[in-house]
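Trainee: My structure is below; once you've seen it, I'll send some questions.
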Amino acid sequence: MKVLLVQLPVPNNKLSNLPLALGYLKASADAARIPGLQVEILERQTQDRGGDAFLLDAILERDPDLVGFSLYTWNSSRAIGLARALKQTAPEILTVGGGPEVNRDGDFVISAADALDFLVLGEGERTFVELLQALNNKATSPTPKRPFHPSSFILHPLSIPGLAYHPASSREWVFNPPRTAVEDVNLLPSVYLSGALEGFLGRFMMIELSRWCPSKCSFCYYGRQDLPLGGKRYFEVERLRQELLFGMEHGVEQVHFVEANFNTLPHLKQIYQTIKETGANRRMGFYAEMRGEAIDEEEADRLAECNFGVVECGLQSAVPEVLARVRRKNHLPRLVRGVHLLRERGIEVFLDAILGLPGDTPETFRQTLAFIEDNGLAPYDLFHLQILPGTQLKTEAQSGKHGLEWQSAPPYFALQTAELSFEQLCELRRETLERKGEDPAEIQGLPIPGPFSLTLLPKNEISGELIDQLPLERLVIDRVGLEDKPALQSLARRLASEVTIWLRLERLDEAGLKAAQEALTILSEPNPSGAWHIFVEGDRPLTEAERAELLKAIHHREGYLDRLAVFALLERDPTRFTAWPSVNLFEVVPWQPALQQMAGPKTIWKIDLKEEQTLEQWQARMEETAGAPGYGLYVRFPVEISVAKVRALLEDFEPGHRMLFLAEPNFAAGLASTENEDLTLLSFPTTLELDKTGRHSSQFSQHSIEKAALRWTVAHRLKVSSGNLTV
Ligand code: SF4
């Protein structure tokens, strides 16, 4: 039996998508030694970056008997869409959903009965392994191709606790009794030491320290788990030691402890000791969530000694009555002290506040903001209350308590409480972001176009061969390329989940725009959950009607990213958005003052800087656009460019809220490196050009990127994080 496991990423943070839960499933299944069983986790590049069609084809290519999807709030919309497409294409492949999204009250997942054959509720390892064992035993009359057709498979209803399944000839769910939590988590194999996550480790690893939280905050899934108290829900320190050593051997530089209350763990001293004894604090940086209240001078010193670079402390609210409504306990003076002690030691603190908690009024929410500001606790992150499946708050909300209304699909934002209307939530969000110095028009969590969206790749960097394995993240298509329908159809199946499409039309005439519409339809049809950054380069801005026609041509299914935008767009029902927030349509137009009248917030002004011009002329040219509407500037330098001149130009340039796109790859790469301070984030998008000369695919090598970053560093005399740059 071939089993394939899939975990789709957080849309705007793909680097964090280490499939820890899938690692546990694979390690547990491998340890069970089920005859003939092969468990594979879909490889990282595909699941992190692949678009809908790319993922579907990748799954089918592996010819699995069963596909398991790890469902979290941020990926369940897409994953269920993928499971549905899989069932429509190959109904004989069994599909299983598990993870925090799967709960008895998780209507969004439960309503996907057409897409999923089984649900695993609660901790999944034992339920999943028993399901695989049962499937293997039931395969009594296998056909050579598919021994596991769902219609020939009936489980005994009570045989596997924690499992939901469909009885014969029905798509209704039957829920088996719940499974109790694992009595001793140390009996679960280590995802690292077992080799289950081989090939998934980069510079970052996640380590679980426990599966337990002593608190019971009603909005939190973690606190709801009815788990036994005691040592056996903590992983032993020896395992931590071995995993840290493993991480160091494999070049890991950053460790994220998957732990809600790091500094209240009973074996905390041993953990600190282990970090130091292994030397991990000299080779790795650490991150954990912790209780700010429990941090005193000594604790803060230990965290600093152990090289904790970032910690997260929940405040949520500073109003005791509001905290009491959600069963949260904070000791505010100690929390303030803890945050300051950490920051004094150079440890970055992410502080969280939640908007929309039951009992919060505009006045009490402003009290929380004032508390943060008066106590010097900023910066902090603003979260909207989510009514998550499986939480106490959801149970209360469903019974009508708190006057809550919320989104029926992820992210499940609370849209109204007894004390706060939707309009007040929008207003408080705007006010908070303005107080924080952030742009309220920006939709937090939505991917924005990358710094290489309009970067021209020199021909000598282009490989000339199609990059076969990687999803394509950028298409550059000219007027001739738009006519190549067969090429577009095949490219549609190779796209990434987030795609930049640069349509170089030159003249915006009717035929060109029609061809652009057709191309967008072809590309988007098999990728309905895509996030799109579309740049139409022409001789003028688009009219409203042209823009609407282009947007209409894109096939898109409302998803998590769109629903994130409800408060920014002041519209509680996403189906009424005039345009999907995850579909960005920009126009790239040569800068001419006369075109300002036609421009809008999605206009990007193209500026060509001529070699014979002085620096002052370059600066004047860029400053001309200062009062014009628009999203950003697209700057093209002469071929032979003086590093000093670029440095002088960009150092004095104040783009304000505007995005800067650079045509010249050396500088674009450097710009990104100084923003991200991490060269691994720097990969140029896998690009395919479809133009009158044919197809060219390309991806910069790490070496090229490092060279480019160095060039930028020299230009700006900035220090990038890697000390290994060579020219
Ligand atoms: S919010 Fe934190 S402290 Fe509260 S229950 Fe969840 S994990 Fe525990």
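Derivation of every value follows stated rules applied to the coordinates shown; laboratory data play no part. The structure presented is a predicted model; accordingly, all values stated were derived computationally and were not measured. Cβ placement follows ideal geometry from the backbone for every residue including glycine, while neighbour counts extend to all protein chains displayed.
Trainee: On a 0 to 90° scale, report how tilted helix 52-62 is relative to the longest principal axis of the chain, with both axes built from alpha carbons and the result rounded to the nearest 10.
Mentor: Relative to the chain, helix 52-62 is tipped by roughly 50 degrees.
Trainee: Tabulate in residue order the Karplus-calculated ³J(HN,Hα) for the stretch 598-609, using 6.51 cos²θ - 1.76 cosθ + 1.60 with θ = phi - 60°, rounded to whole Hz; enter x for Gly and Pro.
Mentor: 8, 7, x, x, 9, 7, 10, 8, 8, 10, 9, 9
Trainee: Quick one: which residues, 5+ away or cross-chain, put their amide H under 5 Å from the amide H of MET206? H built at 1.01 Å from N.
Mentor: Result for MET206 returns HIS256.
Trainee: Could you pull out every one of the lysines with an alpha carbon less than 21 Å from that of LYS485, ignoring same-chain neighbours closer than 8 positions?
Mentor: The qualifying lysines are LYS514, LYS552, LYS692.
Trainee: Moving on. Helix-only mean residue ellipticity at 222 nm, the chain, DSSP H runs n ≥ 4 weighted -39,500 (n - 2.57), per residue, nearest 500. What is it?
Mentor: -9500 deg cm²/dmol
Trainee: Now a separate question. In degrees from 0 to 90, rounded to the nearest 10, what is the angle of the helix 362-374 Cα long axis to the longest principal axis of the chain?
Mentor: 80 degrees
Trainee: Which far-off residues, 5 or more places away or on another chain, put their amide H under 5 Å from the one on LEU415, with H placed in the peptide plane?
Mentor: GLU405, TRP406, GLN407
Trainee: Okay, moving on. Tell me whether the stretch 177-290 comes out rounded, prolate or oblate; compute the Cα gyration tensor, take square roots of the eigenvalues as a ≥ b ≥ c, and use a/c under 1.5 as the rounded threshold.
Mentor: prolate
Trainee: For LYS276, list the lysines whose Cα falls under 27 Å from its own Cα; do not include residues on the same chain fewer than 8 positions away.
Mentor: The reachable lysines, counting only those whose Cα sits under 27 Å from LYS276, are LYS232.
Trainee: Still on this structure, I have one more. By the gyration tensor of its Cα atoms, with a ≥ b ≥ c the square roots of the eigenvalues, what is the shape of the stretch 356-424: rounded for a/c under 1.5, prolate for a/b over b/c, or oblate?
Mentor: The shape class here is prolate.
Trainee: Once you keep just the Cα pairs under 8 angstrom separated by 6 or more residues, what percentage relative contact order results for the chain?
Mentor: 10 percent
Trainee: Let me ask something else. Once you place label points 7 Å from the Cα toward the Cβ at GLU172 and ASP114, how far apart are they in nm?
Mentor: Distance between the two pseudo-spin positions: 1.9 nm.
Trainee: At what distance in nm do the modelled label points of LEU570 and GLN444 sit from each other, each positioned 7 Å from its Cα along Cα→Cβ?
Mentor: 2.0 nm
Trainee: Put a dot 7 Å past each Cα toward the Cβ at ALA90 and GLU623; how far apart are the dots in nm?
Mentor: Inter-label distance under the simple model: 6.2 nm.
Trainee: Can you sort ARG44, ARG283 so the residue with the fewest Cβ neighbours within 10 Å comes first?
Mentor: Arranged by neighbour count, lowest to highest, ARG44, ARG283 become ARG283, ARG44.
Trainee: Continuing with this model, one more query. Where Lys and Arg each count +1 and Asp and Glu each count -1, what net charge lies around ALA79 among other residues with Cβ under 11 Å from its Cβ?
Mentor: For residues surrounding ALA79, the net value is 0.
Trainee: For LYS87, list the lysines whose Cα falls under 19 Å from its own Cα; do not include residues on the same chain fewer than 8 positions away.
Mentor: Excluding near neighbours in sequence, the set is LYS2, LYS145.
Trainee: Follow-up. Nearest-5 percent of antiparallel DSSP beta bridges in the chain?
Mentor: 15 percent
Trainee: Could I ask something else about it? Taking a temperature of 25 °C and a viscosity of 0.890 mPa s, what whole-number D in µm²/s does Stokes-Einstein yield for the chain with Rh from Kirkwood over alpha carbon pairs?
Mentor: Once the numbers are plugged in, D ends up at 88 µm²/s.
Trainee: For ILE271, ILE477, which order do you get if you count the other beta carbons within 10 Å of each Cβ and list the fewest first?
Mentor: ILE271, ILE477
Trainee: Take every Cα pair under 8 Å in the stretch 312-380 that's 6+ residues apart, average their separations, divide by the length, and report that relative contact order as a whole percent.
Mentor: Across the stretch 312-380, relative contact order equals 46 percent.
Trainee: A follow-up question, please. Determine the shape class of the stretch 213-350: with a ≥ b ≥ c the square roots of the Cα gyration tensor eigenvalues, call it rounded for a/c under 1.5, and otherwise prolate if a/b is greater than b/c, oblate otherwise.
Mentor: It is oblate, given that a/c is not under 1.5 and a/b is not larger than b/c.
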